[in-house]
Amino acid sequence: MQDKVQTPEAVAAAIRDGAVIAVASSGGGLLEPDDIFAAIEARFLATGHPRDLTLVHALGFGDRGQRGANRFAHEGMVRRVIGGHWTWSRPMQDLARDNKIEAYSLPGGVISLLLRESGAGRPGLITRTGLDTFVDPRRQGGKVNAAARQDIVELIEVGGETFLRYLPLKIDVALLKGTYADTLGNLSLREEPADLDTYAAALAAHNNGGLVAAQVRACVQPGSLASREVAVPGIFVDRVVVSPGQEQTYRGGYDPALAGLLRTTALPASDEASEGVKRVLALRAAAELREGATVNFGFGASAGVAAIISERGAQAKYWTTIEQGIHGGAMLIGNLFGMAVNPHAIMAATQQFDFYHGGGLDIAFLGMAECDRLGNVNVSHLGGDFIGPGGFIDITQNARKVVFCGTFDTKGARLAIGEGGIRVETPGQVRKLVHDVGAVTFSGPQALKRGQEVVYVTERAVFRLVADGVELIEVADGIDIRRDILERMDFTPVVRDPARMKAEYFGT
């Protein structure tokens, strides 16, 4: 079995033109086999092969520069991308915008689970997740640009109820990263911060007769790995690339606290709730917490709630989760979002999304780029760019309660915060509360149908979803409802008797 150990160049040479490649990576360099990626890129630039690839990834990966998805972002190298999140590769976004690739996006959890279902030989993924959002075939069907013409999602009816069926994938290559492998190919992720959908991607490729290649820090002899620490059995893994200098994340080195192998008191610092509007949003959103709740935090403004919990030393009061498969711990933020120091547990992302899809979340805190009269929210299509939903749809459509966090407007807004309230000195040039969102990443009508509680938190006002629309329920001191709220929205909310936002949110 020693011939399983090969060079990155040998792996690149084994990938044929037109192959469908599944990547089990996430942002910040998480489980990113970059030496393999670099070899594939170098071969294409030198020879023009492999070309016309299809790239499948559940979560975004890359550094907005050279690494990750950027390695594949060359005209002719990729023909189609089915991705959950796109923001870490501007060149790939450009290829999609210019219709030089067929661009699709599905919920991140859906892609992870679809890899598993495809590998298991089942007829795709059947779920309610995505109904009435941009992935619903009655809207865009997950198609991001004009070049994307093939249908990959369909409506079906089971027992008189409507579901989405995401069509199965035929994966030719799975590209993985682990800490160790033995010469039989048994792959261990022992020192990695997450498992993601590593097993699902390997299953999908192997059972389709494809190639599974894994990059590791070291190769060891059979029997050296504890059986419980093998994430992918050797029967699945065809090629092992040994990269002694590989790093755990873009931060460099290997931190055992991120893998739950060492408890540390050196917790990550966060400025997501340090001052100004960020702090107002975080404090008000945190008021929606309920002791004992199982919660999720999204990327961006909503991560400030996690910072407030840490600041208060209240971690034991809530069970925190993130979609990469992490339970508990102190979350990392920014480019390293998706990992945690001192996690309680690390599960596969497929297991985490099963938990989410089944209604396991009590409260989810997510960002909000646009909100409309129906309570729909857009975070995926912004300013002519496609960002993608990541796990947003999986989380928001299935949590019992959803709290969206975002500024009331944007671009040039000047606010004076203090003395228990807020004043608008200069309104933002771009409205975020619009008549119709640019694309539906969260469906208000679906939320009402499912009986979800939905709250929209801004720095000057708080809204909630009700049967007859979006209701204004709180207003900050110093805010004129007519001038600063109603005249700065494209729709008229329900206004009954809004309360005052608490002075403590504004620094008193």
> For segment 310-328, which residues satisfy the criterion of being open to solvent by 30 Å² or more (accessible area, probe 1.4 Å) and either farther than 30 Å from L113 by Cα or outside any helix (DSSP H, G or I) (or both)?
Replying inline: S310, E311, R312, G313, A316, K317, Y318, W319
> Across segment 290-348, what is the number of residues that are under 23 Å from Q248 (Cα atoms) and at pLDDT below 90?
Replying inline: 14
> What single numbered condition from (1) within 16 Å of V379 (Cα to Cα); (2) open to solvent by less than 10 Å² (accessible area, probe 1.4 Å) fails to hold for W88?
Replying inline: (2)
> Which residues, counting only those in segment 113-145, are over 26 Å from D94 (Cβ atoms) and either β-branched (V, I, T) or not in a loop (DSSP other than H, G, I, E, B) (or both)?
Replying inline: L113, L114, L115, R116, E117, S118, G119, L125, I126, T127, T129
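Pick from A364, A369, A399: which is open to solvent by less than 30 Å² (accessible area, probe 1.4 Å), in contact with a Ser or Thr (Cβ under 7 Å, 6 or more places away or on another chain) and among the hydrophobic types (A, V, I, L, M, F, W, C)?
Details: A369 fails: in contact with a Ser or Thr (Cβ under 7 Å, 6 or more places away or on another chain); A399 fails: in contact with a Ser or Thr (Cβ under 7 Å, 6 or more places away or on another chain).
Of A364, A369, A399, the one residue that is open to solvent by less than 30 Å² (accessible area, probe 1.4 Å), in contact with a Ser or Thr (Cβ under 7 Å, 6 or more places away or on another chain) and among the hydrophobic types (A, V, I, L, M, F, W, C) is A364.
With respect to E453, is the statement that it is in contact (Cβ under 8 Å) with a residue 60 or more places away in the chain and more than 16 Å from the chain's Cα centre (by Cα) true?
Numbers: in contact (Cβ under 8 Å) with a residue 60 or more places away in the chain: no; more than 16 Å from the chain's Cα centre (by Cα): yes.
No: the conditions fail for E453.
Out of segment 367-399, which residues are touching a helix residue (DSSP H, G or I) at 6+ places or on another chain (Cβ under 9 Å) and either without any contact (Cβ under 8 Å) to a residue 60 or more places away in the chain or within 21 Å of V494 (Cβ to Cβ) (or both)?
So the first thing to find is which residues in segment 367-399 are touching a helix residue (DSSP H, G or I) at 6+ places or on another chain (Cβ under 9 Å), and the list is 367, 371-377, 379-380, 384-399.
Selection gives C371, D372, R373, L374, G375, N376, V377, T396.
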> Restricted to segment 486-508, and to residues that are over 33 Å from the mean Cα position of the chain (by Cα) and touching a residue at least 40 places away in the same chain (Cβ under 8 Å), which residue is least open to solvent (accessible area, probe 1.4 Å)?
Replying inline: A503
>> I'd like the full set of residues that are farther than 18 Å from Y104 by Cα, surrounded by 17 or more Cβ atoms within 10 Å (Cβ to Cβ) and aliphatic (A, V, I, L, M), limited to segment 143-190.
In response: V173, A174, L175, L176, A181, L184, L187, L189
> Just for segment 493-508: of the residues that are of a type in the set (G, A, S) and farther than 19 Å from V466 by Cα, which one is modelled with the highest pLDDT?
Replying inline: A503
>> Quick check on my filter: what residues within segment 275-298 are over 24 Å from A345 (Cβ atoms), within 24 Å of the chain's Cα centre (by Cα) and either free of Cβ contacts under 8 Å to residues at least 40 places away in the same chain or surrounded by fewer than 13 Cβ atoms within 10 Å (Cβ to Cβ) (or both)?
In response: K278
>> Show the residue pairs meeting these rules: Cβ distance below 7 Å; 6+ apart or different chains; first residue within segment 30-46 and on the phi > 0 side of the Ramachandran plot; second residue buried (at least 19 other Cβ atoms within 10 Å of the Cβ) and part of a helix (DSSP H, G or I).
In response: L31/T198
>> Could you check segment 442-451 and list, in sequence order, the residues that are part of a helix (DSSP H, G or I) and surrounded by 14 or more Cβ atoms within 10 Å (Cβ to Cβ)?
In response: G444, P445, Q446, A447, L448, R450
> Which residue pairs have Cβ atoms under 8 Å apart, sit 6 or more places apart or on different chains, and have a first residue in segment 225-237 that is within 17 Å of A194 (Cα to Cα) and a second that is open to solvent by 40 Å² or more (accessible area, probe 1.4 Å)?
Replying inline: E229/R190; A231/D195; A231/Y199; V232/Y199
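The values are calculated or read from the model by the stated rules, or taken from the named source; none is laboratory data. Just so we're clear, the structure is a prediction, and the values are computed from it rather than from any experiment. Note: ideal-geometry Cβ built from the backbone for every residue, glycine included; neighbour counts use all protein chains shown. Heads up: the accessible areas ignore ligands, DNA and RNA and are worked out on the full protein's heavy atoms, side chains in. Shrake-Rupley method; radii C 1.70, N 1.55, O 1.52, S 1.80 Å.
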